[in-house]
1. At negative phi and modelled with pLDDT of 95 or more: is that true of Tyr124 in this structure?
2. Hand me the list of helices (runs of 4 or more DSSP H) wholly inside the range 22-109 holding 1 or more residues that are within 30 Å of Ser142 (Cβ to Cβ).
3. Which count do you get for residues in the range 168-186 that are without any contact (Cβ under 8 Å) to a residue 60 or more places away in the chain and surrounded by 14 or more Cβ atoms within 10 Å (Cβ to Cβ)?
4. When you scan the range 158-184, how many residues do you find that are touching a Phe, Trp or Tyr at 6+ places or on another chain (Cβ under 9 Å) and part of a helix (DSSP H, G or I)?
5. So, of the residues in the range 92-130 that are within 19 Å of the chain's Cα centre (by Cα), over 19 Å from Leu259 (Cβ atoms) and among the aliphatic types (A, V, I, L, M), which turns out to be surrounded by the fewest Cβ atoms within 10 Å (Cβ to Cβ)?
6. Could you tell me which of the residues Arg140, Arg154 is part of a loop (DSSP other than H, G, I, E, B), within 25 Å of Val211 (Cα to Cα) and either modelled with pLDDT under 95 or among the small types (Gly, Ala, Ser) (or both)?
7. Considering only residues that are of a type in the set (Lys, Arg) and modelled with pLDDT of 95 or more, look in the range 38-77 and name the one that is surrounded by the fewest Cβ atoms within 10 Å (Cβ to Cβ).
8. Check off (1) over 29 Å from Ala261 (Cα atoms); (2) touching a Phe, Trp or Tyr at 6+ places or on another chain (Cβ under 9 Å); (3) touching a residue at least 24 places away in the same chain (Cβ under 8 Å) for Val204 and give me the number that stays unchecked.
Amino acid sequence: MTPTILFCRGRSDEAVENVQNPYETLFFASGFQCIFVPVLGHVCTNLDELTVILTEREQEYGGFIATSKRALEALKICWGRAVDTVKDFEQAAGGNWRNKPFYVVGKATGSAARDAGFRPVGEYAGTADVLSDFIINEGRPSAPLLLLAGDKARDVLPQRLAAANVPFEKVMVYLTGPLPDFEAVLAAQIEGCLGETDVIDWVVFFSPSGVDVALTSLSEMTWWDTVRCASIGPTTSRRLQEKQVKVSAEASTPCPEALLAAVLQTSKSASTEIPIYQSAPILNL
């Protein structure tokens, strides 16, 4: 029987139009039926503030820090505004910005930064904790780093940078909230993919906020008692454990390859009582 895996995210989160989602590509190739249900919505904020920073305060900063693709989306909007309103922005301040280090946590954010014309650093860090160590070990920057964050971002990275006297300025550039029609979308997606006797074998969570939004509805499903739960990283795992949910697999880094490796490693066992896999190997598929 083909195992079914439910991703608590939209299919297009990591993909551009007409390009298959990398999670779907990898898991489908490994024999999984994939279901995607968007859980959270994101709205950019403080765009005027960020635009002013880009156009008027470039010399005050030594680089960027971004821990999600959403931060890049806000930056790209403000960058476009700067190009439209400031003559020779790309050749002057814009060129200087692009020469500064751009610290990121994961491969997806690194790829987004690279596509936007920046030079990502630290994309294989995997977590904010590791990235903060990386930045600290690089040495004190000559000017504060510009931290682009969301309203749900953890305080680990700024706290560790502050403790190490690494200067930075945090700007909140996006807000995260639950999609109002999550329950309806969940029911429709499952009904469209499963037969009357089929069940979901795996549910994957991608953020603590996603856990908070989706867990109540998911736990009411008839198959919930037998499902295995996976997470994209330790922060999400902790939230699941706080909710008394067993985490059967945890990606070693926040990327499709590491998640697949953790799920496949766990799937080899007949028991559902599996410890978190924090160091699952990345498959070269």
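1. In short, no.
2. So the answer is 47-56, 69-85, 93-98.
3. 2
4. 3
5. Among residues in the range 92-130 that are within 19 Å of the chain's Cα centre (by Cα), over 19 Å from Leu259 (Cβ atoms) and among the aliphatic types (A, V, I, L, M), the one surrounded by the fewest Cβ atoms within 10 Å (Cβ to Cβ) is Ala116.
6. The unique qualifying residue is Arg154.
7. Selected residue: Arg57.
8. Going through (1) over 29 Å from Ala261 (Cα atoms); (2) touching a Phe, Trp or Tyr at 6+ places or on another chain (Cβ under 9 Å); (3) touching a residue at least 24 places away in the same chain (Cβ under 8 Å) one by one, Val204 breaks only (1).
The values are calculated or read from the model by the stated rules, or taken from the named source; none is laboratory data. Please read these numbers as outputs of a predicted model, since none were measured by experiment. In this analysis, Cβ positions are derived from the backbone assuming ideal geometry, glycine residues included, and neighbour counts consider all displayed protein chains.
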